[in-house]
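Enquirer: Supplied in structure tokens, the structure appears directly below.
The values are calculated or read from the model by the stated rules, or taken from the named source; none is laboratory data. Not measured: the values here are computed from a predicted model. Using ideal geometry, Cβ is built from the backbone for each residue, glycine included, and neighbour counts are taken over all protein chains shown.
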Amino acid sequence: MPPPRGAGRSRRLQMTPGPGVTSRRGALRHAHGSGEAAGSGAERGGGAAAMSTDDLIEAFRAQLRDDPDVASAVAAIRALLGFLKRDRGETIQGLRSSLLDAIETLSRVDSSVAVSSGGELFLRFISLTSLEYSDYSKCKEIMIERGEIFLRKVSLSRNKIAKLCHPFIRDGARILTHAYSRVVLRVLEAAVESKKRFSVYVTESQPDQAGQKMAKALRKLDIPVTVILDAAVGYIMEKVDLVLVGAEGVVESGGIINKIGTNQIAVCAKAQNKPFYVVAESFKFVRLFPLNQQDVPDKFKYKADTLKTSQNLTEEHPWIDYTSPSLITLLFTDLGVLTPSAVSDELIKLYL
Amino acid sequence: MARPRTARRGRPAPPRPAPLQRPRARGRGHPAGPARPSHGGCRAPAATRRCPGCPGDHPPRGSRRRPPCPAPPAPPPSGRPRGPGPGAPAGGGGARPRARAPRGVTARHAAGRDVTAGQGRGAAAAPSGRQGALRAGAMAERAAPGGAGSEAAAPVPAAAQVPELSREEKLQLRKEKKQQKKKKRSEKGPAAEPPEQGAAPEPGQPRVTPHPSSSPTLADGPSDGEKPTGGKSKAELRAERRAKQEAERAQKQAKKAELGQAATPAKPRLTPTEPPTVVKRLPEHVQVDDPAALRKLAKKLERQQVPLRQDYGTKVNLFSHLHQYSRKKPLTQQMSIPSTVIHPAVVRLGLQYSQGIINGSNARCIALLEVFKQLIRDYSTPPNEELSRDLVAKLKPHISFLNQCRPLSVSMGNAIKFLKKEISCLPDTLREEEAKEKLQSTIDNYLREKIVLAAEAISKSAFEKINDHDVILVYGCSSLVNRTLCDAHMQKGRAFRVIVVDSRPRLEGRETLRRLVRKGIHCTYVMINAISYVLPEVSKVLLGAHALLANGSVMSRVGTSQIALVSKAYNVPVLVCCETYKFCERVQTDSFVSNELDDPDDLIVLRKGQAQLGGWSENKSLRLLNLVYDVTPPDLVDLVITDLGMIPCTSVPVVLRVKNVDQQ
């Protein structure tokens, strides 16, 4: 458990006195047996106490533990929903600021782009309608309801994407993919279900060898898979028919932020005129606009622990890179199949 | 890119619309419309269909024969009935044969002009067609600014006119025509137009060449084919024309019945009777080589009592459709402007624009709105008039005047549109004082929101993009970019340096340099030919914009697209800062169509006591080109920073759409 950073912050959120927190915290931990979010814990605990920072983080981690297949952003949103339910504030402004703090907290735990973008979109979604009701508790109910809707939509997004994308995989195709992406896995599953035969090349994706994990999962689906070195992408490109990668975040220009190595693959694909497809859920759309690799904020590039502990960031290896929109052919999202320039239009619709 | 002007002459006639269906375009093409007397009343049989100078044979047009008049009447009023060049491409066929200029204009327009339906022009043509014919000789000579050859070296003898018809007479005629037109329009369909045009163009035909060979550059001017008569006297011409008019009118009445034919799609022009779909007209300031447009403009200016500014110097062929004025001949020299017509503050503003004292799109727009505020303050509604309608009408001559001093910028155009809308939406219940107050405060709001606050927002967004140890390249003098850099410098913790790129003849970079150095920013100054030398060390390029077009292209000071191109080659990100009020609905794919030509004498350089290029006007084969704007394609720009946030260039249409929705 990380030290209660911003303990003062959690104090601010609670209306009940401090000492009572510890016992409730204990009760909460018990409650996190199931995959259900703190929502159920809230009922059990009588909905009395607001969540502190630690509770939030614990809830988030529990989500990830219980359902390893869930996207980290979805887990974060579930945790946030629980947080919302248990919040004890009396004003909308207060609620908003506490939610923002909660999102901040979560992104410090898991420094992926998706968590922060998902959180922000969640916030926008629930606050869009809340302004008509003057009664705060009614407002809050509505917000919780909308939060549930958002969560449902978000959990279904992977299936929507799979349905959109698998027709692009023809029979006999050779696909190149990068690192471990659950959305890509789902798409390939859907392709298998529609009786297509294809083979997959996966990059090993150092430093965490995520590619091996992907290969294992693919073998379970009976898909012929070959693991290649990251450096062998240029070599293999002439053999593949299309490249399919996931994304951790989709930026305003239509480019993507993904595991390090994606940019290289995109450049090779462009040079050899192979289509480069990206699959990403819509909650990964983020309001960033990097101009080049250097412009991506450090908090996304390095893991949270590294950021906290390292002396000199230039000696650390970044975990993600930015692929510019000119290298991407199409993006498959639950909002539809988009070209990179359409991403900005969608973002304007989502955010404005 | 050389335009084969000569090709025009021998060019095969563009596909002509079906004969009896040609809508009445102003003098466009050969008269496909109902038969009408042409060429001063001569009714040569169909056999002699061939028009002089017309490269191709005319398809038979029913009873309409347009006999080529060997000796057409003296140069008729310029251009009214002449086919508006721009419309021609849409109409495809039939630029009038005699209208070399329009023909050529057609080609050029077809080649790459704005997406403008010819309709606008055609429609515009129709009403004025008859006027043109009526005014024939009287206005013709007078109102032929630049007439056929806009490259006329000698300023066309337009402005200082010796009216042949007295003013009242002209007004009378005009009213008459308007009434007739209204009557006609209320009953007829589009096909009614052709008849008018048929006749009107006739007189216009020879009239195109008012300055036949006066200018050496008239190689491409209106063809020699229609070399006019020259022989007849004005009175004779007038008489002829009147006769023609009568005949025309008679025919038209007769024709009404038969004119069931739809307007030819070849010239897809909307006539006034059709439901008001959006008709895009080419602004007159890009049709300088079209005598018809010029005549129309001259008439309009005369009506508004605004002096017409003469073009100066020979123009480069490619840009002959634009005005080129000389700074040494400001508008006020030609005639004194009565203060009852144009408010003196506006006169001063116009002079400030034309002499280059007020420069830059934001500055010009702010100055314009301030002066309009004063105008509104000094305005008083005449009896029996409504403020909401009368004020807009009163503004028109002022706007024309300012346009004559210097073509309006996009920012000014948008501000004027906004103001006109505000004025016409004023509720009738307001008293005059209240209405004026309201307008003043609306203008103040507009200024504050769209310009001042937007600049702040942009400066804040741009600050996020400026990192420590950045080397930023800027070009020319943009108020927004300067403000962004100064603000960023004031915030602690951002150490960056700036490279200022400058270019002749305006040398605006010096002003930028002055402002930045005064704030203590570390600057380097280079001329634009040195950019490939400095770019390897640049981390980003920050540019301002005059306007953002609907397809994402950036219209900015000339030289900007060059910088964007070279930056792309060096992989340096290009950022453009632009407020949303400068977004415009136009689409441009090149820099030729709509641009501005500055005084060519600015390019004359004094070196060692000798003026290089000093005698350029005497040299027949030398033309000087001083362009003001150029267009950068959207794929060279990485990011646009607006007050709505940071968007890629391709999202400009979305913002426009959102804006339109807001305004409705």
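Enquirer: (1) at pLDDT 90 or above; (2) under 26 Å from the mean Cα position of the chain (by Cα); (3) within 14 Å of chain A (Cβ to nearest Cβ): which one isn't true of B:L597, the others all being true?
Expert: The number of the failed condition is (3).
Enquirer: Based on this model, can you work out whether B:V574 counts as surrounded by fewer than 20 Cβ atoms within 10 Å (Cβ to Cβ), under 30 Å from A:P340 (Cβ atoms) and within 12 Å of another protein chain (Cβ to nearest Cβ)?
Expert: When the stated conditions are applied, B:V574 does not pass them.
Enquirer: With the requirement that a residue be assigned to a loop (DSSP other than H, G, I, E, B) and either within 14 Å of chain B (Cβ to nearest Cβ) or of a type in the set (S, T, Y) (or both), what does the range A:295-350 give you?
Expert: Result: A:V296, A:P297, A:Y302, A:S310, A:S324, A:I328, A:T329, A:T339.
Enquirer: Checking A:R287 against (1) out of contact with any helix residue (DSSP H, G or I) (no Cβ under 7 Å at 6 or more places or on another chain); (2) within 14 Å of chain B (Cβ to nearest Cβ); (3) in contact (Cβ under 8 Å) with a residue 40 or more places away in the chain; (4) not small (G, A, S): exactly one of these is not met. Which one?
Expert: (1)
Enquirer: May I ask you to verify whether B:V655 is within 26 Å of the chain's Cα centre (by Cα), within 14 Å of chain A (Cβ to nearest Cβ) and in a helix (DSSP H, G or I)?
Expert: So B:V655 passes the test.
For every residue, the table says whether it meets (1) within 14 Å of chain A (Cβ to nearest Cβ); (2) more than 24 Å from B:L627 (Cβ to Cβ); (3) at pLDDT 95 or above.
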| position | (1), (2), (3) |
| --- | --- |
| B:E432 | no, yes, no |
| B:K436 | no, yes, no |
| B:L439 | no, yes, no |
| B:N467 | yes, yes, no |
| B:I472 | yes, yes, yes |
| B:V500 | no, no, yes |
| B:G520 | no, yes, no |
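Enquirer: Among the residues of the range A:233-249, which ones are in contact (Cβ under 8 Å) with a residue 60 or more places away in the chain and in a helix (DSSP H, G or I)?
Expert: If the condition is that a residue be in contact (Cβ under 8 Å) with a residue 60 or more places away in the chain and in a helix (DSSP H, G or I), then A:I236, A:M237, A:K239 are the ones that fit.
Enquirer: Follow-up question, since we're still on this one. In this structure, is B:A393 out of contact with any Ser or Thr (no Cβ under 6 Å at 6 or more places or on another chain), among the hydrophobic types (A, V, I, L, M, F, W, C), in a helix (DSSP H, G or I) and surrounded by fewer than 16 Cβ atoms within 10 Å (Cβ to Cβ)?
Expert: When the stated conditions are applied, B:A393 passes them.
Enquirer: When you go through B:V534, B:V526, B:V538 one by one, which is the residue that is surrounded by fewer than 23 Cβ atoms within 10 Å (Cβ to Cβ), within 14 Å of chain A (Cβ to nearest Cβ) and at pLDDT 95 or above?
Expert: The match here is B:V538.
Enquirer: Go through (1) modelled with pLDDT of 85 or more; (2) under 18 Å from the mean Cα position of the chain (by Cα); (3) among the polar types (S, T, N, Q) one by one and return the number of the condition B:Q310 breaks.
Expert: Evaluating B:Q310 over (1) modelled with pLDDT of 85 or more; (2) under 18 Å from the mean Cα position of the chain (by Cα); (3) among the polar types (S, T, N, Q) leaves (1) as the failure.
Enquirer: Continuing with this model, one more query. Quick test of your reading of the structure: B:K582 fulfils all but one of (1) more than 14 Å from chain A (Cβ to nearest Cβ); (2) modelled with pLDDT of 90 or more; (3) out of contact with any His (no Cβ under 9 Å at 6 or more places or on another chain). Name the failing condition by number.
Expert: B:K582 satisfies all of (1) more than 14 Å from chain A (Cβ to nearest Cβ); (2) modelled with pLDDT of 90 or more; (3) out of contact with any His (no Cβ under 9 Å at 6 or more places or on another chain) except (3).
Enquirer: Tell me, please, whether a residue that is charged (D, E, K, R) and in a helix (DSSP H, G or I) can be found in the range A:280-287.
Expert: yes
Enquirer: I'm checking my understanding of the structure. Among residues of the range B:631-652 that are within 25 Å of the chain's Cα centre (by Cα) and either facing chain A (nearest Cβ under 10 Å) or under 21 Å from B:E464 (Cβ atoms) (or both), which one is modelled with the lowest pLDDT?
Expert: B:V652
Here's the yes/no breakdown for (1) part of a helix (DSSP H, G or I); (2) closer than 28 Å to B:V481 by Cα:
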residue: B:V346; (1), (2): yes, no
residue: B:A367; (1), (2): yes, yes
residue: B:P382; (1), (2): no, no
residue: B:I423; (1), (2): yes, no
